[in-house]
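One structure coming up, written as structure tokens, with questions to follow.
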Amino acid sequence: MNTLSTTRLPYAAGRSRRYGHHMRRGALFFAVAAAVAAVHPASAQPSGDDAVLEEIVVTATRRAQNLQEVALSVTALTGQQLDELKLFEFDDFAAVTPGLAMTSTAREPGVIAVRGIGFAPNSSAPPAVDVYINELPVDAVYVFNSLFDVQQMELLRGPQGTLRGRPAPAGAVTVITRRPDLNDVGGTVSASFSDADAQNLQAALNVPLVQDKLALRVAAIRNVNEGPGGRTLAGDEQEVDDEGVRATVLFEPVENLSFLFTHHQMDRDVERFDFVQGPGAGYNGPALSASDRRSVVEGIGTQEQDIALTSLQASWEGAGHRLVYIGGYQDLKNRFASDLDVGNAIVDHLQLQQVRTDFEVTSHELRLESAGERRVDYNLGLWYSDTETDTKLHQSAELTGAFGIPAVPRGPAVQEYLLGLDIRIPAGAENKAVFGHLDFHVNDRLDIGVGARYLEEESDRSETFVFAPFLNPAPITPGVPLDNLASGLCPTILNSVAPAPAGPGSEWVREFYTGYCDIRIALPSTFTPAGDTYKEWVYDASVKYRVSDDVMVYFTAAHSWRPPGITVGITADVPDDLVFGAPEESDAFELGIKSEWLDRRLRLNAALFHQSFEGFIGRFEDVPYLDTNTQTVSEGGFTYNADAIAYGFEADVFWMITPDWTTQFMFSTQKGEYDDAEVPCRDSDFDGKSDNGSNPPVAAWPQGTVVAFCRSDDAISNLPDWNATLQSEYVMPRDTVEYYLRGLLNYQPDNDNFSTGFERKAYTMLNLYAGVRSSDGVWDVTLWAKNALDEDTLLQLDSDATLAEFSSGYRGVSVLPERELGLSVRYAFGGG
């Protein structure tokens with residue numbers, strides 16, 4: 001075994017190939033930074049010490065509203081807060097938001113879970129939580145990258161869909177980037193460095209081109225880091241390299257008419273691998289623990305994403321009405337390759353998987369809404385989107401003979417005994433909708449809101465499986481000589497009789513291994529089309545009542561819907577409901593309070609929620625199934641509908657203890673689980689209870705059974721039953737500067753909500769910040785520590801990593817990143 005070398009797999013963003021591309025992006029970044037530095041700074045107005053909490057303005061209802069007036073549970077962070085907490089990437093948002101999980105791995109990219117409601121990308125269903133960037137719905141796979149020049153980021157909990165483009169049963173995350181300023185030149189430059197070889201460089205420049213009418217804002221970023229850290233046995237490290245640029249133009253030719261054009265480009269290159277723990281098998285690496293953060297792979301996984309988002313927002317307001325158009329085009333590309341032999345069960349061999357996805361989306365929205373104060377506010381609109389995706393996958397399966405007979409755990413493989421598989425999945429979806437929302441302001445205290453969306457969705461997709469020819473060695477009857485055969489073919493005298501044909505598309509070939517005769521098999525390609533048309537309603541209603549000027553209570557009810565998922569890759573004859581799922585429907589209720597106390601120095605918001613699902617779209621992995629055609633038992637993953645419920649409680653307390661000392665405590669309980677539902681399972685003895693036994697032999701399967709089912713009340717997400725965060729900041733003003741200390745604590749309790757049976761131990765993530773800034777906000781210097789307690793908790797533990805018939809002696813793991821110490825500096829002028 002060669003433990004001192006690794007291979008960067010195809011589809012890698014190779015530095016040599018992309019060097020010129022990086023240079024062009026880098027040149028643009030430094031051009032923006034230089035332009036910022038060259039402009040003479042204008043003085044900013046001091047903020048002063050307010051005696052009350054600042055108003056939080058959110059756009060959850062497509063209108064700018066005070067958070068305390070919205071009948072919905074919302075968490076919002078401004079761009080300034082993201083910067084203060086050094087939340088550099090999209091998924092960092094979860095660190096400050098209890099009840100929210102954001103993860104993206106090679107096996108499950110773009111997973112967002114909230115309120116105990118999870119999502120499995122392999123289900124091929126739309127997500128439970130949608131993501132909007134500047135009001136464009138974007139596939140979550142393409143948002144797990146760097147944040148820069150953000151105005152605000154919000155989590156909207158509960159069913160969404162009556163106001164925004166697509167129905168989502170669990171919630172939505174919205175990201176709004178900064179708009180140009182028509183009047184003042186401004187800009188900002190920031191740089192962050194850490195001991196984890198991380199560099200985050202950002203710059204933005206705002207230039208009014210025609211005073212009060214036309215302005216341009218350009219922002220750029222270069223973010224390089226080690227991801228989760230760690231290294232291979234050969235010493236290779238993981239790397240994340242994001243380069244992005246955004247240009248935004250605001251044009252207001254006359255009063256009440258505006259056009260906002262935005263083009264966002266992000267290139268992401270990643271080199272990554274899985275950590276393992278275990279004793280090993282004696283030939284593939286040393287004994288390792290999770291805290292070692294080591295990988296034994298021989299092939300480093302790579303990912304390359306090219307993300308282009310273009311949007312146009314036009315708005316005209318007059319006579320108490322506002323007409324708004326939002327159009328967008330998305331051109332998204334994702335390439336990744338990985339070595340699936342994470343435990344290096346067979347040395348000198350790569351179990352290569354390559355995936356290429358092209359994703360194009362065109363969307364249009366036209367809506368008419370009320371403007372100004374009136375007794376009834378309205379919002380009416382039309383929606384259209386067209387989505388085209390094309391996914392191609394290539395990988396190979398190791399068959400008998402690939403590593404000798406008897407097999408040994410060492411490559412290289414004999415290529416003729418590998419089954420090559422190419423899968424292509426083109427898909428298209430056209431979505432049309434009409435929607436509306438009415439808010440009745442019954443009196444100064446009581447508001448009633450109703451909304452609905454009627455949608456029609458036409459979808460079509462197909463799956464094409466193409467198999468490469470392969471050899472299958474068949475044992476030859478002992479004692480039959482094979483020399484001097486007239487035909488030269490080993491099967492001519494098997495059992496002293498002429499052999500029957502090996503089967504359609506197959507032929508006898510040779511004796512490569514003594515005592516075995518190879519059969520060349522050419523499996524036919526398969527083509528499976530699928531498509532459907534859906535016509536559905538989603539709707540909601542809310543009542544809010546102002547008990548006083550500082551206390552509002554509300555009740556919201558909503559009905560949501562989600563198109564079905566599909567099972568991919570199972571070629572056996574299984575029931576249709578295990579392949580083609582049904583749509584999901586759910587009904588949700590939320591009872592909440594928004595309040596301010598202590599002369600508006602303390603804000604307390606809380607909500608209770610309950611949601612019931614009819615046919616929740618779940619994913620069940622490692623399920624044995626019987627192929628009645630080949631009389632073999634295999635295991636695979638199935639997408640399947642089953643009833644489920646989710647319920648819990650959320651609280652957010654913000655307290656201004658003094659004008660210079662603030663603290664915020666957020667708490668969430670959530671429980672999402674199947675409602676005593678029958679689901680596909682591993683049931684080795686067919687007693688109706690899930691277990692960890694081996695695949696049942698063919699003879700043990702009951703008549704008519706090809707997949708076992710068990711009653712389940714298991715969790716439908718990996719979220720813990722509860723968790724909490726605590727933030728606090730103390731500022732010490734001194735003449736022209738301010739010194740500050742702040743902290744962010746995220747507590748995660750014991751968690752046994754993993755489908756694999758893994759139980760995660762409790763841990764505390766503590767981030768600390770200390771710095772000094774000018775009183776006018778022009779400059780800021782921060783020292784910070786993430787995971788200051790250097791926790792090394794095991795986050796995920798996989799089953800034994802095996803390949804062919806060999807166990808690697810390792811199990812895949814995920815572990816908290818090591819403590820990271822960093823320095824950030826920022827300079828701004830004008831409006832920043």
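The list (i) 1.00; (ii) 1.05; (iii) 1.12 gives values of Rg/Rh (Cα atoms, Kirkwood Rh), and only one came from this structure; which label was calculated from it?
For Rg/Rh (Cα atoms, Kirkwood Rh), the calculated option is (i).
Another question about this same structure. If you average the C-alpha positions of region 312-345 and of region 709-777 separately, how far apart do those two centres end up, in angstrom?
Each part's Cα centre sits 28 Å from the other's.
A further question follows. I want to check the label-to-label distance for residue 414 and residue 772. Put each point 7 Å from Cα in the C-beta direction and report it in nm to one decimal.
Using points 7 Å along Cα→Cβ, the separation is 7.3 nm.
Related question: Check which residues have an amide H placed less than 5 Å from residue 411's amide H, if you skip close sequence neighbours.
Result for residue 411 returns 347, 348, 349.
Applying the Karplus parametrisation 6.51 cos²θ - 1.76 cosθ + 1.60 with θ = phi - 60° to the phi angles of region 580-587, what ³J(HN,Hα) value in whole Hz is obtained for each residue in order, glycine and proline being reported as x?
Couplings: 9, x, 9, x, 9, 10, 8, 10 Hz.
Could you work out the local net charge near residue 740, counting Lys and Arg as +1, Asp and Glu as -1, over the other residues with Cβ closer than 10 Å to its Cβ?
Numbers: positive: 742, 773; negative: 84, 660, 729, 738, 780.
With Lys, Arg at +1 and Asp, Glu at -1, the net is -3.
Rank 824, 774, 793 by how far each Cα sits towards the positive end of the charge dipole of region 749-832 (+1 on Lys, Arg Cβ; -1 on Asp, Glu Cβ) and give me just the farthest.
Working it through, the farthest residue towards the positive pole turns out to be 774.
Would you be so kind as to identify which of 469, 142, 641 lies farthest towards the positive end of the dipole of the chain, taking Lys and Arg as +1 and Asp and Glu as -1 on Cβ and the Cα centre as origin?
So the residue we want is 142.
Here is a further query. Tell me the relative contact order for the chain as a rounded percent, counting alpha carbon contacts under 8 Å between residues six or more apart. Walk me through the intermediate numbers first.
Numbers: 2346 pairs, mean separation 104.0, N = 832.
Computed value for the chain: 12 percent relative contact order.
Treating cross-link reach as a plain straight distance, find the aspartates and glutamates whose alpha-carbon is under 17 Å from the alpha-carbon of residue 544, omitting any fewer than eight places away in the same chain.
69, 377, 439, 444, 447, 590, 596
Please tell me the relative contact order of region 556-654 in percent, rounded to the nearest whole number, where contacts are Cα pairs under 8 Å and at least six residues apart.
Rounded, it is 30 percent for region 556-654.
Let me ask something else about it. Taking the Cα atoms only, what angle lies between the long axis of helix 15-38 and the longest principal axis of the chain, rounded to 10 degrees?
10 degrees
Using 0.36 nm times the number of residues separating residue 664 and residue 384, minus their current alpha carbon distance, what extension gain do you get?
Gain in length upon complete extension: 96.8 nm.
Another question about this same structure. State to the nearest 20 debye the size of the charge dipole of region 680-832 about its Cα centre, where the only charges are +1 on K and R beta carbons and -1 on D and E beta carbons.
Here region 680-832 has a charge dipole of around 460 debye.
Please get the size of the charge dipole for the chain, origin at its Cα centre, with Cβ charges of +1 on Lys and Arg and -1 on Asp and Glu, quoted in debye to the nearest 20.
Roughly 1480 debye, rounded to the nearest 20.
In addition: So how far apart, in nm, are the two label points at residue 368 and residue 247 if each is 7 Å from Cα heading toward Cβ?
3.6 nm
In the chain, with Lys and Arg counted as +1 and Asp and Glu as -1 at Cβ, which of these residues, 125, 172, 570, has the Cα nearest the positive end of the dipole, that is, farthest along it?
172
Under 19 Å from the Cα of residue 689, which aspartates and glutamates turn up, not counting those fewer than eight places away in the same chain?
Result set, ordered by chain and number: 621, 622, 635, 643, 673, 675, 676, 678, 713, 714, 752.
Between the alpha-carbon centers of region 149-204 and region 72-102, tell me the distance in whole angstrom.
Cα centroid of region 149-204 versus Cα centroid of region 72-102: 10 Å apart.
Please give, to one decimal in nm, the separation of the simple spin-label points placed at residue 573 and residue 711, each 7 Å out from Cα toward the Cβ.
3.2 nm
Fewest to most neighbouring Cβ within 10 Å: what's the order for 222, 461?
461, 222
Between residue 533 and residue 360, what FRET efficiency follows from the Cβ-Cβ distance if R0 is 25 Å, with the result rounded to 0.05?
Efficiency at R0 = 25 Å is approximately 0.75.
Strictly greater than 22 Å: what percent of every Cα pair in region 267-356 meets that? Before the final figure, lay out each step's value.
Working: 2133 of 4005 pairs.
Value for region 267-356: 53 percent of Cα pairs lie more than 22 Å apart.
Using θ = phi - 60° and the Karplus curve 6.51 cos²θ - 1.76 cosθ + 1.60, what whole-Hz ³J(HN,Hα) does each residue of region 60-77 get, with Gly and Pro shown as x?
4, 9, 6, 10, 6, 9, 5, 3, 6, 9, 9, 7, 6, 7, 9, 10, 10, 10
Determine, for each peptide in 149-158, 682-691, the mean count of other beta carbons within 10 angstrom over its residues, then list the peptides with the highest first.
149-158, 682-691
The numbers here are math on the coordinates, done by the rules we state, and not lab data. Worth saying up front: this structure is predicted, and the values here are computed from it rather than measured. Glycine also receives a Cβ, built like all others from the backbone with ideal geometry; neighbour counts cover every protein chain displayed.
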